[in-house]
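Please read the structure below before turning to the comments.
The values are calculated or read from the model by the stated rules, or taken from the named source; none is laboratory data. Predicted model only: the values in this text are computed from it and were never measured. No Cβ is skipped: glycine too gets one built from the backbone with ideal geometry, and neighbour counts run over all protein chains shown. What goes into the accessible areas is simple: the full protein's heavy atoms, side chains included, and nothing from ligands, DNA or RNA. Shrake-Rupley method; radii C 1.70, N 1.55, O 1.52, S 1.80 Å.
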Amino acid sequence: MKTTDNFRSGFVSIVGSPNVGKSTLINVLVGRKISAVSEKPNTTRNRILGIKNLSGAQLIFLDTPGIHRAAKGSLGKGMVQASMAALGEADVIILMIDVKFPFNRQDLYVIQKLPKPAILVFNKIDLIKKSMILSLINQSQQFHDKFLEVLPISALQADGIDDLIQTTVKYLPIGPKYFPEDMITDRPERFLISELIREKVFNLTREEIPYRTAVVVDEFYEDDEKNLIKIYAVIYVERENHKGIIIGKNGQTLKKIGSFARVDIEKIFGTKVFLKLWVKVKERWTDRADLIGEFGYSR
Ligand code: GDP
Ligand code: MG
């Protein structure tokens, strides 16, 4: 690792309440989908690392599960702990707030947990009028000692992202290039694939089902003869009746999960993908630290 005089680098943790748009932001920052996004809270289960290289800096972003007080079960508690750890590791903290639900109780809880001042990002500005943004910035003044800067963005529309990157670089310490330029995440391909599949489960099922589902890629290899990637993955649920719901009437739901995931995976690898999914029951896995770890989630 070479440190030049003014190269900047470090960890930038993206934290906030559930569902504010943290994973959407890390995907747009690194320019590739590395983190699952859904309209449901608590989609992200791990700290996901995403790297952005500039000519004079390397930003190592950490997407995190939403921080909230009411974490339930071993899985839920492990998720919040992963976020707290990411706060401790951070050279710079980006605290994200949803402009539609600003400074709610969960936001106040996260603000109170900040170990040092953060860059405050108001996300989803595409949903509100410009005048509202000003009033939110004014409201943030009451926490002036908690924030270094305040920036409005829309992660979904990639609006304000360059500003956010430039602002973040200002607060990074002088440091080396920790990761090679071609690396954008520390997660293995198998994990990224399992997350894309899990994202579809989040988008296509309701109530407690997505929260009781894990996805594990069993086999992943390139079939050179046929010029495609073959993937065999298992969707784990907690109960027999959940299995039926994931499969759906005439297998329709599982078919949709598979075909939506396949399209995303093909985009990432730029090649045809054969994806085979199984659904299996692992009773009470969300309460078993051994299984949570085995499935690849924070515990
Ligand atoms: P996380 O739980 O904080 O990681 O949030 P996600 O990234 O999973 O996003 C939660 C929901 O908010 C998803 O439905 C996203 O599409 C949506 N979302 C994220 N950013 C924006 C934004 O800038 N504008 C709008 N309108 N929706 C957004
Ligand atoms: Mg997320």
Antiparallel %, DSSP beta bridges [both residues in the chain], to 5 | 35
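Taking a threshold of 24 Å on the Cα-Cα distance, which of the pairs Lys146/Lys170; Lys52/Lys226; Lys100/Lys170; Lys256/Lys280; Lys124/Lys272 fall above it? Show your work: numbers first, answer last.
Working: Lys146/Lys170 17 Å; Lys52/Lys226 34 Å; Lys100/Lys170 28 Å; Lys256/Lys280 18 Å; Lys124/Lys272 34 Å.
Distance filter (> 24 Å) returns Lys52/Lys226; Lys100/Lys170; Lys124/Lys272.
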According to a simple spin-label model (label point 7 Å from Cα along Cα-to-Cβ), what is the distance in nm between Arg105 and Met183?
-> 4.2
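Would you mind telling me the share, in percent, of accessible area of region 189-294 contributed by carbon and sulfur at probe 1.4 angstrom?
Values: 2630 of 5710 Å².
Roughly 46 percent of what the probe reaches on region 189-294 is carbon or sulfur.
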Under Karplus coefficients 6.51, -1.76 and 1.60, residue-wise ³J(HN,Hα) of region 36-42 in Hz, glycine/proline x | 6, 10, 8, 7, 9, x, 6
Assigning unit charges at the beta carbon (Lys, Arg +1; Asp, Glu -1) and nothing else, what dipole magnitude in debye, to the nearest 20, does the chain show about its Cα centre?
-> 860
Using the alpha-carbon centroid of each, what span in Å lies between region 83-128 and region 263-281?
-> 34
For region 26-40, list residues with backbone N below 17 Å from a point placed 7 Å from the Cα of Arg206 toward its Cβ?
-> 39-40
Listed here are the pairs Lys72/Lys200; Lys22/Lys267; Lys177/Lys200; Lys22/Lys72; which of them are more than 30 Å apart at the Cα?
-> Lys177/Lys200
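With all protein chains present, how much of the accessible area of region 8-171 (probe radius 1.4 Å) comes from carbon and sulfur, to the nearest whole percent?
Numbers: 3460 of 6660 Å².
Ligands and nucleic acids excluded, carbon and sulfur reach 52 percent.
Full extension from Ala158 to Lys272: what is 0.36 nm times the residue separation minus their Cα-Cα distance, to one decimal in nm?
Values: separation 114, 0.36 × 114 = 41.04 nm, distance 2.83 nm.
Taking 0.36 nm per residue and subtracting the Cα distance, the gain is 38.2 nm.
Per-residue ellipticity at 222 nm for the chain, helices alone: DSSP H runs ≥ 4 residues times -39500 (n - 2.57), over residue total, nearest 500 deg cm²/dmol?
About -10500 deg cm²/dmol.
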Residue with peak Gaussian network fluctuation, the chain [Cα springs, cutoff 10 Å], from Gly270, Gly88, Gly160 | Gly270
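Please give the per residue accessible area of region 175-267, computed with a probe of 1.4 Å over protein heavy atoms only, in Å². Numbers along the way, then the final one.
Details: 4910 Å² over 93 residues.
Computed with neighbouring chains in place, this is 53 Å² per residue.
Given a 1.4 angstrom probe, what's the average accessible area per residue across region 1-63, in square angstrom? Display every interim value, and only then the final one.
Working: 2070 Å² over 63 residues.
Heavy-atom accessible area per residue stands at 33 Å².
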